[in-house]
Each structure stands twice: as C-alpha cells, then as structure tokens.
Amino acid sequence: MSGNSNEVPIANIPSGERIEKLSEHFYNEFGCQPDFFARVPGRVNLIGEHIDYCGYPVLPMALEQDIIVAAGFMREHKINLRNTNCKYDKIDFEIKPYSDMIIEGLGSDGKPFWYNYVLCGIKGALEHLDNKVINGVKLFIDGNIPPASGLSSSSALVSAVCLAFLYAQKAVLNKIEIASLCAKCERYIGTQGGGMDQAIAFLAEKYCAQYITWNPLKATKVMLPEDASFVVAHSLAEVNKAATNDYNKRVIECRLAAKILTLDSHIKIDHNIVTLSQVQKLLNKSLEEMVILVHNQLPKDIYVKTEICKMLNITEEKMDNFYLTPNTIHLQEFKLKQRALHVYGEAIRVEAFRGICSESSMNGIRNGSTNGANTFSTDEDRADVLSKLGELMSKSHESLKKLYECSHKNLDLLVDISKKLNVHSRLTGAGWGGCIVALCPKEKVKEYIEKVEDEFYVKHCKIDKAKAKSFVFATSPNYGAVIYTKK
Ligand code: ADP
Ligand code: NG1
Ligand code: MG
C-alpha cells in the first residue's frame, strides 16, 4: 500500500480469480486491459440504525463483499459502462456538465435503473472537479454484495464509480472528503441518506468496527470482543430504498419532530434546526431528558399536515417546498413521537455498546492482550459482555420494529428463531427487508448457522439446504476502499 493514511490507499493489483475474470471480461469487451481498479466494500451496521441522518453516531464495519470497478482511460469524453451480471444492461453516454445531468427514471420493475447509481457517482465527481475532465472512462463493474439487502450495495457502487472517475482525472482526495462527496451525490437517486454507508466504505479498517460521528465526519476505532462473531442472515425479502417513499418519510418525520421540539424551549426558534441532535444540543439536555421531552411535547400518535403547519406557523405551500421531498409531498399523516423516541433511544444504545466494547478492551489489555482485542479473565466476564451487547441489539430491533416500523415479517422471524437459540440479533441497514446481524459467541457460530439454515430457510422458506448456505455467513471487520494499479 502507498500514500498518506488520510488518502484512499493505492496498492498493486492483487492476483486471484476474481480480478483475472474481470480483466478478461474487460478485454473481451474493450480489446485492452484495464488501467486500474477501484474496490469499495459493503457494510454491516452493528448498531445505530436510522440515526445517521439525525446527526447521531453509528457503529458499522466493512464486509469482505464489495464492488470492484475495472477502469480504462479513453480520450473521448465518454463513459462506456458494462457489468459482469447480464441482468444489468450495457450503456454508453457522453460526459455532460454536472448541472445538465438529470438522474431520473424507473424501470418496469419500479426501481431506479442500475446505471442511475453510476451517474450519481459521476455527477458528484464532476461537481468536485468543476467539470474539468481529462479522460473519458471505460468501466466494467463486478459486485458480490447482495443487492437491496441493507448491506449497502448501492453506496459501494456509487462510491466505487466516483472514486474510479476521480482517479482517472488524477484528482487526489482524502478519505473524509470523498466519503462526504459520495454521501451527497448518492442523494441524487432520491433518498435523503445520512452518510453512514459512504463513511464506512472509505474509513473502515480491518479487525475493528468504527464509531462514526458527524460534523466534522470522523471515525474512531472500536475493538470488538475477541470471542464475538457477527453473522449476517438474509430475510429473502429484497427492497430497493429508492423505489418507495418509506425511507424519505422517516427522514421527514424526524426533521418535523426536531422543529416542533424547539417550539416550547423559550429559545428563539432557530430556523436552521433540522436534526434531532441539533435540538438536543440547543436545549442542552441529555438523551434521557430528550426522551421525556418527546413524551411531553409530542404526545399524539399521529399528526396531520394541517396541524403541523399550524404548530410551526407555516403555510402548506411552505411545508411542501421547504420540508418535504418530491416523493413525500402528498403525505397527510406523520408519526413524530414514535420516530423521535426511536432515535433518542437508539443513540443511547450506541453509546452503551461502544462503552461496553471499550471497557472490555481495556480489561483485555490489563489481562495481557497485546493488540487491544478483548480477552477475558473468566468465562463469566466474557458471557456477560456478549450478553450486554446482545441485549442492546435485541432492544434496537424491537424499537425498529415497533417505533420505526421498518422491519419485515421475515426479519422478525429470523430474530425470533435466533432468540430461541439464545442469540441476540437485529435488522441491519434501512430495513423493510434485507438482512439481520446476529451476535454469536465464536464457538457457537457453526451450530447457530446450521440451525438458522434448517429453521428459517429449509423449514419456513422451503429452500433446499445447499442453497440456504448462500444466504447466511459469519463476517469480521474488513478494509475500506482501495485503488489497485500497476506500479
Ligand atoms: P442496498 O441496501 O443494497 O444499498 P439499495 O436499495 O440502496 O440497497 O440499492 C440497491 C440497488 O443498487 C440495486 O437495485 C441496483 O440498482 C444497485 N446495485 C447493487 N449492486 C449492484 C451491482 N453489482 N451492479 C449493478 N447495480 C447494483
Ligand atoms: P441502506 O440499507 O444501505 O440503503 C440506509 C442509508 C443509511 C442509513 C441506513 C439506516 C443510504 C445510502 N443509506 O442504508 O444512511 O440511514 O439506511 O440506518 O441512504
Ligand atoms: Mg443503499
């Protein structure tokens, strides 16, 4: 690896079947070898769901699964785009100024075209470059992150393309800058994401999760207990987040709750308040006090649009133009109490999770571990740490299911099956389908996976055992984004 540790690392092209096959695809299509590769991983969020866009810290780690883009320079200012998976159409386009790039359109399946995620990455790069392009690019994409499953395949795609395009223009960006740029440009797909996926994509490190904080963006290592293993299991329900308004509706509900919570504060209304964390700061209250405040100030289960406008002293037109997104403008009812209670509760759980990890890591060092990974003096200590972390994950799932209403019956079933096996788990990513992440003692992983295969995939989903194996896997923290090139 080379370069400053703040910059995206540049490494030699690794050998291996995946890169060789991708190069072969590239050669067969374009008649030349790729000049370089950009690799960006997917992620699993351990805890801190739906709170990044409220300004609260989250705790994800990078997966081994990734998007790899093989890239070749081209003199014409064009992009030739291909994918190793033939379900994703070939497409070529001219590079236009970013302000002329309109990213829209849904396929017959109601989802955005796959190349719209690519265009998001290109548009973001062009904006950063102020449209100064040196090279066109041939791009061949190869991905193995289960798509539309809460493991951040979309952000890996947007980020890998943005990184490849910037590298082709010889732009040097540090990890923080490019993570922020990618978070911003993925919003062109239509969802108001918070930035967690792009942050971990660039700031991840092997062997540890990251505690990610915002404004300014920062990642702090979190050493996980050595005996803990994280298992990801797919609910078999895929959901494209830009195809529905569920995600944006939650973002809006949180923003409206934030506005209303400032009303009674006797502090002059600050019109820049957008997030629930800004309100907490403004009111100078603890997270626990914010929970009480929500119960007092947002007592109703449902707030209607006209009522919210009255409370905020704004017209419906102003609400449409300044508060709502194109896909939420028609909404009449909002659940403000439930969403705000989830956010403050989940922020408390993230702090607790991180605290337990760092305390047990300190104990590990005291007990002679050299790398800060957490080892324990007794089996009881170890079981205690894992069960405390696990309980936080179970509570997170309950809150996402009941207060945030973003679970799915298959996710709930996976969580229940796990619970019966004495394993705590929760949905990970945006939800409404996708995956659970389970915390399992290392020595129980094989048995746990085996049982989940039997109980969920074979018995409930009627899938044969051999196929079931592809839907559940144990994972450990992996590297972030990298450029591979010949040196
Ligand atoms: P996720 O939770 O995986 O990020 P999203 O709904 O945000 O789910 O994004 C999923 C979309 O990303 C897919 O519908 C597809 O358009 C795109 N995508 C993901 N992986 C790939 C890939 N390997 N090649 C092309 N497009 C992909
Ligand atoms: P996924 O499930 O990968 O689409 C989304 C958001 C995150 C975060 C989580 C919920 C994007 C790109 N990602 O992730 O920012 O809010 O949901 O915690 O919008
Ligand atoms: Mg996504």
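The values are calculated or read from the model by the stated rules, or taken from the named source; none is laboratory data. These figures come from a predicted structure and were not determined experimentally. Glycine gets a Cβ as well: all are built from the backbone with ideal geometry, and neighbour counts include every protein chain shown. Only protein heavy atoms, including side chains, enter the accessible area calculation; ligands, DNA and RNA are left aside. Shrake-Rupley method; radii C 1.70, N 1.55, O 1.52, S 1.80 Å.
Close amide H partners of H424, meaning residues 5 or more places away or on another chain with modelled amide H under 5 Å apart, are L439. Restricting attention to the stretch 1-148, the count of lysine pairs at 8 or more positions apart or across chains with alpha carbons under 13 Å apart stands at 6.
Each part gets one Cα centre, and for the stretch 37-91 versus the stretch 228-259 those centres are 18 Å apart. Summary: within the chain, the longest segment free of GluC sites (Glu not before Pro) located in DSSP loops with at most 14 other C-beta atoms within 10 Å is 105-487. Rounded to whole numbers, the Karplus 3J(HN,Hα) couplings from phi for the stretch 199-211 are 5, 6, 4, 9, 9, 5, 9, 5, 6, 9, 7, 10, 9 Hz, using 6.51 cos²θ - 1.76 cosθ + 1.60 with θ = phi - 60°, and x at Gly and Pro.
Using C-alpha pairs below 8 Å separated by at least 6 residues, the relative contact order for the stretch 10-70 is 34 percent.
Put R382, R255, R250 in order of accessible area, highest first, and with a 1.4 Å probe you get R255, R382, R250.
Shape class for the chain: oblate, because the ratio a/c of the largest to smallest gyration tensor axis (alpha-carbon atoms, square roots of eigenvalues) is 1.5 or more and b/c is at least a/b. Residue by residue, the stretch 220-235 carries 3J(HN,Hα) couplings of 10, 4, 10, 7, 8, x, 4, 8, 8, 10, 9, 10, 9, 10, 7, 7 Hz when phi is fed to the Karplus relation 6.51 cos²θ - 1.76 cosθ + 1.60 (θ = phi - 60°); x denotes Gly or Pro.
Whole Å is fine, so just give me how far the alpha carbon centre of the stretch 385-399 lies from that of the stretch 94-128. Cα centroid to Cα centroid, the span is 39 Å.
With protein chains left intact and a 1.4 Å probe, residues in the stretch 61-216 average 40 Å² of accessible area per residue.
Between Rg and the Kirkwood Rh of the stretch 175-267, both from Cα atoms, what is the Rg to Rh ratio? Using Cα coordinates only, the ratio equals 1.05. Remark on V58: its backbone amide H falls under 5 Å from those of I212, a criterion applied only to residues 5 or more positions apart or on other chains, H modelled at 1.01 Å from N. Phi-derived couplings, Karplus 6.51 cos²θ - 1.76 cosθ + 1.60 at θ = phi - 60°, listed residue by residue for the stretch 51-59: 10, 4, 6, 9, x, 9, x, 10, 9 Hz, with x used for Gly and Pro. Our helix-only sum for the chain, with -39,500 (n - 2.57) per DSSP H run of n ≥ 4 divided by its residues, gives a mean residue ellipticity at 222 nm of -12000 deg cm²/dmol.
With K and R counted +1 and D and E -1, the other residues having a Cβ less than 13 Å from that of V40 yield a net charge of -2.
Is the shape of the stretch 107-261 best called rounded, prolate or oblate, per the rule: a/c under 1.5 gives rounded, else a/b larger than b/c gives prolate, else oblate, with a ≥ b ≥ c the square roots of the Cα gyration tensor eigenvalues? Taking the square roots of the gyration eigenvalues as a ≥ b ≥ c, the stretch 107-261 is rounded. Solvent-accessible area assigned to carbon and sulfur over the chain amounts to 51 percent, based on a 1.4 Å probe. Residues whose amide H lies under 5 Å from that of K218, counting only those 5 or more places away or on a different chain, are T213; hydrogens are built 1.01 Å from N in the peptide plane. Overall shape: prolate for the stretch 251-358, with the ratio a/c of the largest to smallest alpha carbon gyration tensor axis at 1.5 or above and a/b above b/c. Taking all protein chains as shown and a probe of 1.4 angstrom, S387 keeps an accessible surface of around 40 Å².
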